[in-house]
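*Asks:* One structure is given below, represented as structure tokens, and several questions about it will come after.
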Amino acid sequence: MVLTALQKVSVAQGTSQRDALNLDLTTSGDTINAVTVHNSTVYVGTEMGYIYQSAQGDYWTIINQKNPLDPTEYKTLAPITALISHGGALYIGTKKTSTKSASIFKYFDKKFTAIKTDFSQNRISALASNLGILFVGTSGTYGSKEGDVYSYNGTDFKKISLPSVSFDQVQSMIFSTTLSTIVVGFNGGQIDRK
């Protein structure tokens, strides 16, 4: 089992726990914002826009592309806020910065592709997947009431209308196969499904 907490990654086996051997973000000041498993590999996304991968949690490598003008540097994304395995690819949600909007990227075949780069909300706060549909939860700033949910069918993003919901942030989402619906948790404790 791989455990993440702000700047550290640990590996738990049985009753023992140990720190990852080569991933400690305390010296850089970076923090882990998101974690997921994709194709039996663990991925973490960070506030500084890096994505790391590990097969078992002990050894980590950066998957960001190298800067062609300086091979000692990596190209970073905006702060990474959500990750999910969907349709054979890794999908990445980011936060708005002073120069970029909140966005969705796809990582497939060692390449990053921008899927949607113009969300008006502050960040992508949750991702869920079922039967070829990617669900995207957003968060606005305090008082914005921009906690929205979108579906993406591989071509178009469509805002999902949720009855009587008006919150600033989608906290979590999961697709319930039992209910055949997306279940969404908002800040303030409300849970809704559509």
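The values are calculated or read from the model by the stated rules, or taken from the named source; none is laboratory data. All values derive from a computational prediction rather than experimental measurement. Backbone-built Cβ (ideal geometry, glycine too); neighbour counts: all protein chains shown. Calculation scope for accessible area: heavy atoms of the full protein, side chains included, ligands and nucleic acids excluded. Shrake-Rupley method; radii C 1.70, N 1.55, O 1.52, S 1.80 Å.
*Asks:* Could you grab me the full set of residues in the stretch 161-194 that are under 13 Å from residue 128 (Cβ atoms), among the charged types (D, E, K, R) and either modelled with pLDDT of 80 or more or buried (at least 19 other Cβ atoms within 10 Å of the Cβ) (or both)?
*Replies:* Once the filter is applied, which keeps residues that are under 13 Å from residue 128 (Cβ atoms), among the charged types (D, E, K, R) and either modelled with pLDDT of 80 or more or buried (at least 19 other Cβ atoms within 10 Å of the Cβ) (or both), the stretch 161-194 yields nothing.
Every residue, every condition in (1) closer than 24 Å to residue 186 by Cα; (2) in contact with a Pro (Cβ under 9 Å, 6 or more places away or on another chain); (3) at pLDDT below 95, yes or no:
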{"site": "57", "(1), (2), (3)": "no, no, yes"}
{"site": "71", "(1), (2), (3)": "no, no, yes"}
{"site": "76", "(1), (2), (3)": "no, no, yes"}
{"site": "83", "(1), (2), (3)": "yes, no, no"}
{"site": "86", "(1), (2), (3)": "yes, no, no"}
{"site": "107", "(1), (2), (3)": "no, no, no"}
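*Asks:* State which residue pairs qualify: first residue on the phi > 0 side of the Ramachandran plot and in a loop (DSSP other than H, G, I, E, B) and inside the stretch 39-55, second residue open to solvent by 20 Å² or more (accessible area, probe 1.4 Å) and among the hydrophobic types (A, V, I, L, M, F, W, C) in any location, beta carbons under 8 Å apart, and separation of 6 or more residues or different chains.
*Replies:* Hits for this filter: 40/55; 49/77.
*Asks:* How many residues does the stretch 132-156 contain that are touching a residue at least 12 places away in the same chain (Cβ under 8 Å) and part of a loop (DSSP other than H, G, I, E, B)?
*Replies:* Counting residues in the stretch 132-156 that are touching a residue at least 12 places away in the same chain (Cβ under 8 Å) and part of a loop (DSSP other than H, G, I, E, B) gives 12.
*Asks:* Here's another thing I want to ask about it. Give the number of residues within the stretch 10-49 that are open to solvent by less than 50 Å² (accessible area, probe 1.4 Å) and either at pLDDT 85 or above or farther than 22 Å from residue 124 by Cβ (or both).
*Replies:* 19
*Asks:* Which numbered condition in (1) in contact (Cβ under 8 Å) with a residue 40 or more places away in the chain; (2) under 22 Å from residue 159 (Cβ atoms) is the only one that residue 80 fails?
*Replies:* So residue 80 meets the others, but not (2).
*Asks:* Moving to a separate point now. Determine the pairs where a residue that is at positive phi, located within the stretch 107-127, has a partner that is open to solvent by less than 60 Å² (accessible area, probe 1.4 Å) and part of a strand (DSSP E or B) with Cβ atoms under 9 Å apart, the partner being 6 or more residues away or on another chain.
*Replies:* 109/89
*Asks:* Please pick out the residue among 158, 145, 100 that is at pLDDT below 85, of a type outside the set (A, V, I, L, M) and open to solvent by 70 Å² or more (accessible area, probe 1.4 Å).
*Replies:* Of the residues listed, the single one that is at pLDDT below 85, of a type outside the set (A, V, I, L, M) and open to solvent by 70 Å² or more (accessible area, probe 1.4 Å) is 145.
*Asks:* So which residues in the stretch 142-158 are farther than 15 Å from residue 123 by Cα and basic (Lys, Arg), if there are any at all?
*Replies:* Selection gives 158 alone.
*Asks:* What number of residues in the stretch 50-81 are open to solvent by less than 50 Å² (accessible area, probe 1.4 Å) and under 16 Å from residue 11 (Cα atoms)?
*Replies:* Result for the stretch 50-81: 5.
*Asks:* Taking the stretch 1-38 as the region of interest, how many residues are more than 15 Å from the chain's Cα centre (by Cα), within 24 Å of residue 107 (Cα to Cα) and assigned to a loop (DSSP other than H, G, I, E, B)?
*Replies:* So the count comes out to 4.
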